[in-house]
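K.L.:
Quick one: the structure is below, and I'll ask about it shortly.
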Amino acid sequence: MINKRLLIKNLLAHNDENSFYDKKRQLNLHTKEGKAKFLKHICALSNSNPTNSSFIVVGVEDETNEIVGDDFFDDSRIQNLVNAYLENPPKIQYENVPFPDLPFDKVVGLVTIKSNGKVSKFKKNIYTILAHSIFIRIGSNTMPTEEKVAFSKINTETVISIENNSRNSIEHTLESVLFFINNSHKDLPSEFKVFKELFVVCWAGIKKIKKDKTYYSRVDIELMNEQVKLFYSTLDEITIQFDKDSFTITEYIKLGLNDKTSYYPLEQVKITFYDNGYYKMDTEFLFEPPQYNRKMLYHIYNATLALIQKMVHETSLSLQEKKDITTIPSVLMICYLNGFEDAKQKLIDAKLVLKSHKNSEVYIAFKEALRVLRKMKYNKNE
């Protein structure tokens, strides 16, 4: 079992960017340009490593190699994005890896790419990349190429060596469990569960009981053996269920208009553990968006756009408008889910003004809204 924190350290220590790994300060999957850049690197790394894994490390300064971290990214459907644009797509896994020196809400992202042995290429246009384009890695550079490429297996032994040096141990696991309980979450009640005498899952959060059902908020859940953060949220609430073989997380989001809100199930993730040291994660998308009267939404939508313009131009706001700022992301998401097609782009366009607001929860709500919309989009592609 590979300790993903050790793997990242070994990748960064091995060499600068090369033909089997790349590093990024952050990913931007909200725009066509950001998606195109990400897909280009996936395509190149897959084609350059047909017999071994390749990696992208997210949350690292390019020049200094300093680990600065990035936001928790829980999009289990990133594979759908790759499948939608690449022919012969590799298998993609995105994992959030906590580091002790990072702030509580920051992690390092690890993208693992496993080629299917065939040449990956774009099957349709995206941004400036044309359909049928093929890319490979030459050193630290991603380059366009022709389909007939003589692939080298020079990376295979190197990657195997790095992975072997990143194997987990009982010592690493115990140290991680103790750090989780005593340092990371000393202000929150923490629990852990051992599965199959091999796997340790730790979780921390604030418990709330509603109608005989236990919900958790401010939740952090980690698989300690691999140093992977399974779930993290400062806003949403979840339920946790487990038996001797599995651990299930069901996430809920709070949505509504005019101070009338309800909880809607968003997604369920079930982790099943096996005796042979293997585990798998199954994700089921549950979200059914609330529907509202279109005439009422039309007035709310226009009022929200007017409020954004006031923020842009730094116009003085009423007390109610100051309160309404915190609901801008959820209102625009609801409008989009009710047929206002340009509401999503209006939300994306408002990123800078929402990010600069003195109340940090406004930008957190923005990221949460885009996360839900992204999940819905990829779910439709399944």
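Just so you know, all these numbers are worked out from the coordinates, no wet-lab data involved. Source: prediction; values computed, not measured. Here Cβ is always computed from backbone atoms with ideal geometry, including for glycine, and neighbour counts include all displayed protein chains.
K.L.:
Hey, got a sec? Which chymotrypsin sites (Phe, Trp or Tyr not before Pro) in region 28-106 land in a DSSP loop and have at most 14 other Cβ atoms within 10 Å? Before the final figure, lay out the partial values.
P.N.:
Values: sites: PHE38, PHE55, PHE72, PHE73, TYR85, TYR94, PHE104; in loops: PHE72, PHE73, PHE104.
Those satisfying the criteria are PHE104.
K.L.:
Related question: Counting each DSSP H run of 4 or more residues in the chain as -39500 (n - 2.57), what helix-only mean residue ellipticity at 222 nm follows after dividing by all residues, to the nearest 500 deg cm²/dmol? Kindly include the intermediate steps, with their values, before the conclusion.
P.N.:
Values: 11 runs with 125 residues, N = 382.
-10000 deg cm²/dmol, from helical runs alone.
K.L.:
Then there is this: Quick one: which residues, 5+ away or cross-chain, put their amide H under 5 Å from the amide H of GLN227? H built at 1.01 Å from N.
P.N.:
So GLN227 has HN proximity to LYS4.
K.L.:
Loop-only trypsin sites (Lys or Arg not before Pro) in region 178-273, please: DSSP not H, G, I, E or B, and at most 12 other Cβ atoms within 10 Å.
P.N.:
Working: sites: LYS186, LYS193, LYS196, LYS207, LYS208, LYS210, LYS211, LYS213, ARG218, LYS229, LYS244, LYS254, LYS260, LYS270; in loops: LYS186, LYS196, LYS211, LYS244.
The qualifying sites are LYS186, LYS211, LYS244.
K.L.:
Rg to Rh for the chain: what is it, with Cα atoms only and Rh by Kirkwood? Display every interim value, and only then the final one.
P.N.:
Values: Rg = 22.0 Å, Rh = 22.5 Å.
Answer for the chain: 0.98.
K.L.:
Can you compute 3J(HN,Hα) from phi for each residue in region 262-278, using the Karplus curve 6.51 cos²θ - 1.76 cosθ + 1.60 with θ = phi - 60°, rounded to whole Hz and x for Gly and Pro?
P.N.:
9, 9, 10, x, 9, 7, 10, 10, 10, 9, 10, 9, 10, 5, 8, x, 10
K.L.:
Amide H to amide H, which residues 5 or more places from VAL219 or on other chains are under 5 Å from it, using H placed in the peptide plane?
P.N.:
Long-range HN contacts for VAL219: SER233.
K.L.:
A further question on this structure: Between rounded, prolate and oblate, where does region 4-164 land on the alpha carbon gyration tensor, with a ≥ b ≥ c its root eigenvalues, rounded for a/c under 1.5, else prolate if a/b exceeds b/c? Walk me through the numbers on the way to the answer.
P.N.:
On the way: a/c = 1.86, a/b = 1.28, b/c = 1.45.
Note, shape of region 4-164 comes out oblate.
K.L.:
Next question. What do you get for GluC sites (Glu not before Pro) in region 162-245 restricted to DSSP loop and a cutoff of at most 15 other Cβ within 10 Å of the site's Cβ?
P.N.:
Numbers: sites: GLU163, GLU171, GLU175, GLU191, GLU197, GLU222, GLU226, GLU237; in loops: GLU197, GLU226.
For GluC sites (Glu not before Pro) across region 162-245 that sit outside H, G, I, E and B with at most 15 neighbouring Cβ atoms in 10 Å, the list reads GLU197.
K.L.:
Residue by residue through region 361-374, what is 3J(HN,Hα) from phi via Karplus (6.51 cos²θ - 1.76 cosθ + 1.60, θ = phi - 60°)? Round to whole Hz and write x for glycine and proline.
P.N.:
3J(HN,Hα) across region 361-374, in whole Hz: 5, 5, 6, 4, 5, 4, 5, 5, 5, 5, 4, 5, 5, 5.
K.L.:
Could you list ILE136, ILE8 in order of exposure, starting from the residue whose Cβ has the fewest other Cβ atoms within 10 Å? Working shown, then result.
P.N.:
Working: ILE136 22, ILE8 26.
Arranged by neighbour count, lowest to highest, ILE136, ILE8 become ILE136, ILE8.
K.L.:
Considering amide H positions built from the backbone, and no H for Pro or chain starts, which residues 5 or more places from HIS185, or on another chain, come under 5 Å of its amide H?
P.N.:
Here the answer is none, since no amide H 5 or more places off falls under 5 Å of that of HIS185.
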